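Participant: Structure below; questions to follow.
The values are calculated or read from the model by the stated rules, or taken from the named source; none is laboratory data. All figures in this text were calculated on a predicted structure; none of them were measured in a lab. Glycine also receives a Cβ, built like all others from the backbone with ideal geometry; neighbour counts cover every protein chain displayed.
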Amino acid sequence: MKVRIAPSILSADFGRLAEEIHMCEEGGADVIHLDVMDGRFVPNITFGEKVIASARKATKLPLDVHMMVLEPESYFESFAAAGATGMTIHVEAAPHLQRQLARIRELGCLAGAAVNPGTPLGGIREVAADLDLLLVMTVNPGFGGQEFIPASVAKVARARHILDETRSRAALEVDGGIARDTIEKVWRAGADTFVAGNAVFSARDPKAEIETLRRICLETV
Ligand code: DX5
Ligand code: ZN
């Protein structure tokens, strides 16, 4: 299985956003993760389409937009136009999940569903065919630099099982507290896409850290 490292620009210096993104690219990042927060679904506000468009100008890498917002459908058109490669919506904010995922695909983007730590995986089986990515949150969303929740490891294994059973080819992403000491456990449990904010941007050598995280996985087969 391929390891995909997705640095989250939430921990980047926004005054030097393009340079920070170039740095990730040079470090071998597979994806750039963009955390959109509306101050309603989560108790924090970040950014919207303008920053997505700036990131799009800075790199050709896929832009994975993680939408921690209520009524995500009101942003689908503008985020797709701004250059999002994929949009991931929270099941807790998506009462019509299947329709919303289908709409993201209609706009030419990859469709992702995210589940908070307290949310069961149950409904995911029902939409497996409509998913390009399943995001299992390993912290409660809202802030970078939080501690990884250990119970997430077993949940990632259950998510892997559901994707395999439904023959889904969706990526299995983890987000929150992913660092040298946690990545191996979630990789073994079946995750293949690893969001890392703090671990990358507060490392002494952020570029090298991307490779270190990848190597930890690849050396654990
Ligand atoms: C948290 C965001 C994450 C965040 C992860 O709500 O969804 O993407 O940037 O940050 P770290 O890796 O620092 O936990
Ligand atoms: Zn995120």
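Participant: Within segment 40-54, how many residues turn out to be within 15 Å of ligand 1 (Cβ to nearest atom) and either aliphatic (A, V, I, L, M) or more than 15 Å from VAL65 (Cα to Cα) (or both)?
Facilitator: So the answer is 8.
Participant: Just checking, which of GLY118, GLY112, GLY142, GLY122 is surrounded by 14 or more Cβ atoms within 10 Å (Cβ to Cβ) and in a loop (DSSP other than H, G, I, E, B)?
Facilitator: Being surrounded by 14 or more Cβ atoms within 10 Å (Cβ to Cβ) and in a loop (DSSP other than H, G, I, E, B) holds for just one of GLY118, GLY112, GLY142, GLY122, which is GLY142.
Residue-wise test of (1) within 16 Å of ligand 1 (Cβ to nearest atom); (2) under 25 Å from MET37 (Cα atoms); (3) in contact with a Lys or Arg (Cβ under 7 Å, 6 or more places away or on another chain); (4) among the aliphatic types (A, V, I, L, M).
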residue: ASP130; (1), (2), (3), (4): no, yes, no, no
residue: GLU147; (1), (2), (3), (4): yes, yes, no, no
residue: ILE162; (1), (2), (3), (4): no, no, yes, yes
residue: GLU173; (1), (2), (3), (4): yes, yes, no, no
residue: GLY176; (1), (2), (3), (4): yes, yes, no, no
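Participant: Now for a separate question. Could you tell me which numbered condition GLU173 fails, if it satisfies all but one of (1) within 16 Å of ligand 2 (Cβ to nearest atom); (2) part of a loop (DSSP other than H, G, I, E, B); (3) among the acidic types (Asp, Glu)?
Facilitator: Here GLU173 meets the rest and fails (2).
Participant: Can you pull out the strands (runs of 3 or more DSSP E) entirely within segment 1-109 that have at least 2 residues that are in contact with a Leu (Cβ under 8 Å, 6 or more places away or on another chain)?
Facilitator: 32-37, 63-68, 86-90
Participant: Looking at (1) outside any loop (DSSP other than H, G, I, E, B); (2) touching a strand residue (DSSP E or B) at 6+ places or on another chain (Cβ under 9 Å); (3) of a type in the set (A, V, I, L, M), find the lone condition where ILE149 falls short.
Facilitator: ILE149 satisfies all of (1) outside any loop (DSSP other than H, G, I, E, B); (2) touching a strand residue (DSSP E or B) at 6+ places or on another chain (Cβ under 9 Å); (3) of a type in the set (A, V, I, L, M) except (1).
Participant: Then there's this: Return yes when GLU147 is closer than 28 Å to GLU219 by Cα and of a type in the set (Asp, Glu) and no when it is not.
Facilitator: So GLU147 fits the description; yes.
Participant: Pairs, please: C-beta under 9 Å, at least 6 apart or cross-chain, first residue within 16 Å of ligand 2 (Cβ to nearest atom) and in segment 1-30, second at pLDDT below 95?
Facilitator: ASP30/LYS2
Participant: Report every pair of residues separated by at least 6 positions or lying on different chains whose Cβ atoms are under 6 Å apart, first residue within segment 189-204 and without any contact (Cβ under 8 Å) to a residue 24 or more places away in the chain, second more than 8 Å from ligand 1 (Cβ to nearest atom).
Facilitator: ALA203/GLU209
Participant: Can you pull out every residue in segment 152-176 that is in contact with a strand residue (DSSP E or B) (Cβ under 9 Å, 6 or more places away or on another chain) and either hydrophobic (A, V, I, L, M, F, W, C) or under 19 Å from ILE210 (Cα atoms) (or both)?
Facilitator: Matches in segment 152-176: VAL156, ALA159, ILE162, LEU163, ALA170, ALA171, LEU172, GLU173, VAL174, ASP175, GLY176.
Participant: Going through segment 18-39 one residue at a time, which ones are surrounded by fewer than 18 Cβ atoms within 10 Å (Cβ to Cβ) and within 14 Å of ligand 1 (Cβ to nearest atom)?
Facilitator: Residue satisfying the conditions is GLY39 alone.
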